[in-house]
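Input: a single structure, listed below in structure tokens.
The values are calculated or read from the model by the stated rules, or taken from the named source; none is laboratory data. Nothing here was measured: the structure is a model prediction, and the numbers come from that model. Here the Cβ positions follow ideal geometry from the backbone for every residue, glycine too, while neighbour counts run over all protein chains shown.
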Amino acid sequence: MELIRGLNGLTEPRRGCVVTIGSFDGIHLGHQALLECLAGHARQLARASMVLTFEPMPREYFAPALCPARLTTLRERWKVFERHGVQVLWLLRFAEPLRCLSGEAFAQLLARQLRAPLVVVGHDFRFGRNGEATAESLCEAGRRLGFATEVVAPVTLDGERVSSSAVREALASGQFARAERLLGRPYSMSGRVVGGERLGRRLGYPTANLRLERRRSPLEGIFAVRVHGIAAGPLPAVASLGRRPTVGGGPMLLEVHVFDFSADLYGRRIEVEFVAKLRDEARFEDLGALVAQMHRDAEAARAILRV
């Protein structure tokens, strides 16, 4: 998949793509319906398929302290887009110039700069200044400006519309099987293993640590997980995602103890698949009480993962 950055990054060979537009946080079944529609039209028209998306996501720009927890990083979205056959990712920085773009100017961008023959959007599509561009207005603009518009209906599961909010709610309540059904895959986080204080090693539970950086997590607590990327198949593990209140607290950190594994993982990129929540994060009176609970957590995770 090819990456294009910015309004000025679009070059002549990539004009004329069939395009879909959105934040695509999580790339759940509803998003996947857009991608399937995109791929079908791209094949029919013999054009490349393009996803137009944004960093930061618009809701993060408008209300960074109040926006919903992000389900996927850009790198994680990139991997899922690739699996769905997207050929070009056009990444625009969401800031004042883009926020102030009128709906008409945005349609002109698709018609004149991208020269898209067809645009695929969801039923709830909104863009442009004050959200003035809707799926309906984009269809009307396309008829004037020379591109077709396909509006994809919502996807439902058990009578509920599939959405990023529904995925967040399932994760927050520990319903990982439901989150998996909404996503069409298990929920996971990925990142590069960083060095830590090696406290886990001293306590008998060495961990691979992933920083969340600016990412707000939809999860917090202790989990049974599987780790991908360090062996031929996934390895069972127990993980803590939180602020470590017993040892002084700090920024959110994902700490993963892989069972019966001792190799150095520093610098490796791994993917952590969440299987079940064991408990909420808690503060213990001393390290002895913490270690006793870690033993219980490990036993519970082994039982769930059958190892």
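Scanning region 1-43 for residues that are surrounded by fewer than 18 Cβ atoms within 10 Å (Cβ to Cβ), closer than 23 Å to residue 148 by Cβ and not aliphatic (A, V, I, L, M) gives 12, 13, 14, 15, 16, 36, 40, 43. Taking region 1-36 as the range and being closer than 21 Å to residue 188 by Cβ, in contact with a Phe, Trp or Tyr (Cβ under 9 Å, 6 or more places away or on another chain) and hydrophobic (A, V, I, L, M, F, W, C) as the test, the residues that pass are 1, 24, 27, 35. Here region 228-264 is the region considered, the condition is being aliphatic (A, V, I, L, M) and not in a strand (DSSP E or B), and the residue that is modelled with the lowest pLDDT is 247.
Every listed requirement among (1) in contact with a Pro (Cβ under 6 Å, 6 or more places away or on another chain); (2) free of Cβ contacts under 8 Å to residues at least 60 places away in the same chain is met by residue 226 save one, (2). Per the conditions (1) at pLDDT 95 or above; (2) surrounded by fewer than 20 Cβ atoms within 10 Å (Cβ to Cβ); (3) among the hydrophobic types (A, V, I, L, M, F, W, C); (4) touching a helix residue (DSSP H, G or I) at 6+ places or on another chain (Cβ under 7 Å), the sole criterion not satisfied by residue 86 is (2). Which ones in region 235-254 are farther than 30 Å from residue 59 by Cα and crowded, with 19+ Cβ neighbours inside 10 Å? Passing the criteria: 235, 236, 237, 238. Of the residues making up region 52-60, at least one is under 27 Å from residue 179 (Cα atoms), of a type in the set (A, V, I, L, M, F, W, C) and in contact with a strand residue (DSSP E or B) (Cβ under 7 Å, 6 or more places away or on another chain).
Listed here are the residues, each with its yes/no results for (1) touching a strand residue (DSSP E or B) at 6+ places or on another chain (Cβ under 9 Å); (2) under 25 Å from residue 122 (Cβ atoms).
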{"residue": "166", "(1), (2)": "yes, yes"}
{"residue": "169", "(1), (2)": "no, yes"}
{"residue": "196", "(1), (2)": "yes, no"}
{"residue": "206", "(1), (2)": "yes, no"}
{"residue": "211", "(1), (2)": "yes, no"}
{"residue": "218", "(1), (2)": "no, yes"}
{"residue": "236", "(1), (2)": "yes, no"}
{"residue": "247", "(1), (2)": "no, no"}
